[in-house]
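The values are calculated or read from the model by the stated rules, or taken from the named source; none is laboratory data. Keep in mind that this is a model prediction, so the values were computed, not measured. Because the Cβ atoms are built from the backbone with ideal geometry, glycine has one as well, and the counts that use them run over all protein chains shown. Just the protein is used for accessible areas: all its heavy atoms, side chains included, with ligands, DNA and RNA removed. Shrake-Rupley method; radii C 1.70, N 1.55, O 1.52, S 1.80 Å.
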Amino acid sequence: MSTTLLFEQLLNGLQYGVTLFLMAAGLTLVFGVMGLINLAHGSLYMIGAFACAAVAAATGSFWLGLVASIVAAGFAGVLIEMFVIRRLYDRDHLDQVLATFALILILSEGCRMVFGSFPLYLDAPGFLAGPVTLFGGFQYSAYRLAIILVGGLVALGLYLLITKTRLGIRIRAGEADREMIAALGVNIATLYTIVFAIGAALAGFAGAMMGAIQSVQVGMGEPVLILAFVVIVIGGIGSIKGALIGSILVGVVDTLGRVTLPGFFNLFMDTAAANSVGAALSSMSIYVLMAVILIFKPEGLVSNNA
Amino acid sequence: MPNLSRETFLNIIISLGLLVFPFIATAMDEPFYITLATRVAILSLAAVGLNLALGTGGLVSFGHAAFFGIGGYAMGILASHAQTYTPIFTWPFVIEGTNQMLIIWLVAIVMSGIAALFIGLLSLRTSGVYFIMITLAFAQMIYYFMISWPTYGGEDGLSIYVRNQFPGVNTLDPSSFFYICLALMFAGLGLSAMIKNSRFGAALQAARQNEERLAATGIRPFNIKLTAFVISGMITGLAGALMADLNRFVSPTMLSWHMSGEIMVLVILGGVGRLYGPVVGALIFIIFEFIFGGMTEFWQFYLGLVLLGVVLFARGGAIGLLAGKARHD
């Protein structure tokens, strides 16, 4: 296999990982602060993508669409938190799973009612549509490169938000001891709504960015949601740093597995058999990765208390 | 104990209703209703399996579709090989396909049991949210494996032409097949009642309520929970084989996480930890699907609303509503 192809796939994996991080960050933040497992996080990803596609189609501007995705998903997040999620904090995980599963049904079918069953298409903005030439004449999709950069910036921004701002201090304090910060005069209910809205907006933003690569359709958030679960299990639930490490790991392993495994089996099998075995095993690779990590570190790579 | 007897009364009514249902459907000249009732029986059995882990053992498995689908594929693979007269394996020994339900059930139970053992060994090392996500992830792993493995139909699934055979019964007759499924559903209910009232069941409930105390009495909670998880997976796997036989079709959809969610919804709609909770849940689900699915293609939207309402406001499910609170046992 050529180095160029390998490098290109490595970048694809990185891009996928960055998108996963935007999803996983919200999930892990919500779990860390509120102790809530939110299956409907994938629906917020979908809402972001649909908002972006609809606004971009109406105005012709991808950038307005991107803004709309953040606003729509954030706003949906606030509504969902205030009307449903808020009642679930004191419930056990089973109730949380079921209620958010119900939200998936409602949001997916609601989206189908509004936009229909056919996928929408979203084009990347013109100047990012072509390839860019990196060092040594190596060409790579400008849009995917932009996703990597933007994702990296968001990760940095999130890190600064959590470690350097007053809101971040409150979020960390909320993770550590809910009663105590309430006693110190912080409005817990508002804090929770803000955290949930931040997570929702990140998911919507990720959906909008991926919408230009995949098609925008109902149910598009679910595969990403499950991978995001794998990511936070690997990284350690509640840890943003763990989510970042886990996302990159999952993105790269998944992408490279798809490219390298069929070639690997081709060394001692005929091509057709190697392709089918390789495809089947590569689709399992990240789950095997998760199982291995769980055997050695059941609490994930980065412990919650770190 | 008026509540308890009310629940028992409800259970008896439901059982009798299901037993005479084919006669009612035939009298109404609606043979399709028998197929619906068969789905109720099969989904009930799947949910009985989950209820053992979830209701009695407190193990919130979000990956029971894995066992349901493995059972389905056990039927699909065995029957498709029988139908083309090709062996499944020729090395190290020859394994032929079969169209005998009894063998298919056995294979479905064993295979889903093995899968549950592996998944359980890994995921029971964790608890709470981790457990939910890991069972989900393992089910997805099997789902993606079946999608990308082309030998047995990949994404398109696997069809068989004729329903499999049961000694002495004409399985092509809808009523006969319904009674087979119903008998297995009652067997599943009987088994789960027996387990719940046994020493093992007491230990399992103790593992749900307080693991440290159970450990202090000298019983390892891990072994108890793993055993319950495996039995639970086996029951759901058997239901999967029946469902595939009913549809004469198996596809990765049976393995998808929507299926896991659906089985869980059945348990919750009926009432967690209640003996007949899964049956009532399956009844409500199928009736709901039949009525609203006929009126609007967006029936799942309304299912979501109902489910949300049940979770937020009607804890205890339908049996809780009809027969009062569960005894605290």
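Residues checked against (1) within 28 Å of A:Asn187 (Cβ to Cβ); (2) in a helix (DSSP H, G or I):
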{"position": "A:Leu5", "(1), (2)": "no, yes"}
{"position": "A:Asn12", "(1), (2)": "no, yes"}
{"position": "A:Thr19", "(1), (2)": "no, yes"}
{"position": "A:Asn38", "(1), (2)": "yes, no"}
{"position": "A:Leu44", "(1), (2)": "yes, yes"}
{"position": "A:Ala51", "(1), (2)": "no, yes"}
{"position": "A:Trp63", "(1), (2)": "no, yes"}
{"position": "A:Val71", "(1), (2)": "yes, yes"}
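Looking across the stretch B:302-320 at every residue that is of a type in the set (A, V, I, L, M, F, W, C) and either touching a residue at least 40 places away in the same chain (Cβ under 8 Å) or surrounded by 20 or more Cβ atoms within 10 Å (Cβ to Cβ) (or both), the one that is farthest from the other protein chains (Cβ to nearest Cβ) is identified as B:Ile319.
Residues in the stretch B:67-78 that are over 18 Å from B:Tyr161 (Cβ atoms) and either open to solvent by 30 Å² or more (accessible area, probe 1.4 Å) or among the polar types (S, T, N, Q) (or both): B:Ile70 alone. Evaluating B:Ala244 against the criteria (1) touching a residue at least 24 places away in the same chain (Cβ under 8 Å); (2) more than 14 Å from every other protein chain (Cβ to nearest Cβ); (3) farther than 30 Å from A:Ser283 by Cα leaves one unmet condition, (3).
Please determine whether any residue of the stretch B:185-196 is within 22 Å of B:Tyr73 (Cα to Cα) and either over 22 Å from the mean Cα position of the chain (by Cα) or more than 8 Å from chain A (Cβ to nearest Cβ) (or both).
Of the residues in the stretch B:185-196, the ones within 22 Å of B:Tyr73 (Cα to Cα) are B:185, B:188.
Pick out the ones that are also either over 22 Å from the mean Cα position of the chain (by Cα) or more than 8 Å from chain A (Cβ to nearest Cβ) (or both) and you get B:185, B:188.
Yes: one or more hits.
In the condition set (1) out of contact with any Gly (no Cβ under 8 Å at 6 or more places or on another chain); (2) over 15 Å from A:Gly26 (Cβ atoms); (3) of a type in the set (A, V, I, L, M), A:Ala155 is compliant with all but (2). Scan (1) at the interface with another protein chain (Cβ under 9 Å from one of its Cβ atoms); (2) in contact (Cβ under 8 Å) with a residue 12 or more places away in the chain; (3) surrounded by fewer than 23 Cβ atoms within 10 Å (Cβ to Cβ) for the single condition B:Thr98 breaks and write down its number. Answer for B:Thr98: the failing condition is (1). Report, by residue number, each residue of the stretch B:136-180 that is open to solvent by less than 50 Å² (accessible area, probe 1.4 Å), farther than 30 Å from B:Thr126 by Cα and either within 12 Å of chain A (Cβ to nearest Cβ) or touching a Gly at 6+ places or on another chain (Cβ under 6 Å) (or both). Listed by number, the residues that qualify are B:Tyr152, B:Gly154, B:Leu158.
Is it true that B:Leu43 is part of a helix (DSSP H, G or I), at pLDDT below 90 and open to solvent by less than 60 Å² (accessible area, probe 1.4 Å)?
On the way: part of a helix (DSSP H, G or I): yes; at pLDDT below 90: no; open to solvent by less than 60 Å² (accessible area, probe 1.4 Å): yes.
It is false that B:Leu43 is part of a helix (DSSP H, G or I), at pLDDT below 90 and open to solvent by less than 60 Å² (accessible area, probe 1.4 Å).
Scanning the stretch B:79-127 for residues being farther than 12 Å from B:Asn164 by Cβ and assigned to a loop (DSSP other than H, G, I, E, B) gives a total of 11.
Of all residues in the stretch B:52-78, those that are part of a helix (DSSP H, G or I), within 12 Å of chain A (Cβ to nearest Cβ) and modelled with pLDDT under 95 total 3.
Taking (1) of a type outside the set (D, E, K, R); (2) out of contact with any Asp or Glu (no Cβ under 8 Å at 6 or more places or on another chain); (3) open to solvent by 30 Å² or more (accessible area, probe 1.4 Å) in turn, A:Tyr16 satisfies each apart from (2). Restricting attention to the stretch A:151-187, the residues that are outside any loop (DSSP other than H, G, I, E, B), loosely packed, with under 14 Cβ neighbours inside 10 Å and over 27 Å from the mean Cα position of the chain (by Cα) total 3. Considering (1) open to solvent by 30 Å² or more (accessible area, probe 1.4 Å); (2) of a type in the set (A, V, I, L, M, F, W, C); (3) closer than 24 Å to A:Gly246 by Cα, the lone condition that A:Ala40 does not fulfil carries the number (1).
Kindly indicate whether A:Arg87 is buried (at least 21 other Cβ atoms within 10 Å of the Cβ) and among the charged types (D, E, K, R).
On the way: buried (at least 21 other Cβ atoms within 10 Å of the Cβ): no; among the charged types (D, E, K, R): yes.
No, not satisfied.
Taking the criterion of being open to solvent by 10 Å² or more (accessible area, probe 1.4 Å) and either assigned to a loop (DSSP other than H, G, I, E, B) or within 14 Å of another protein chain (Cβ to nearest Cβ) (or both), the residues of the stretch A:191-223 that qualify are A:Ala212, A:Ile213, A:Gln214, A:Ser215, A:Gln217, A:Val218, A:Gly219, A:Met220, A:Glu222, A:Pro223.
Among residues belonging to the stretch A:250-306 that are part of a loop (DSSP other than H, G, I, E, B) and facing chain B (nearest Cβ under 10 Å), point out the one that is surrounded by the most Cβ atoms within 10 Å (Cβ to Cβ). Before the answer, list the steps.
Taking the stretch A:250-306 as the starting set, the residues that turn out to be part of a loop (DSSP other than H, G, I, E, B) are A:267-270, A:297-306.
With the extra rule that they be facing chain B (nearest Cβ under 10 Å), the set shrinks to A:298-300.
Numbers: A:Pro298: 14, A:Glu299: 16, A:Gly300: 26.
The extreme case among them is A:Gly300.
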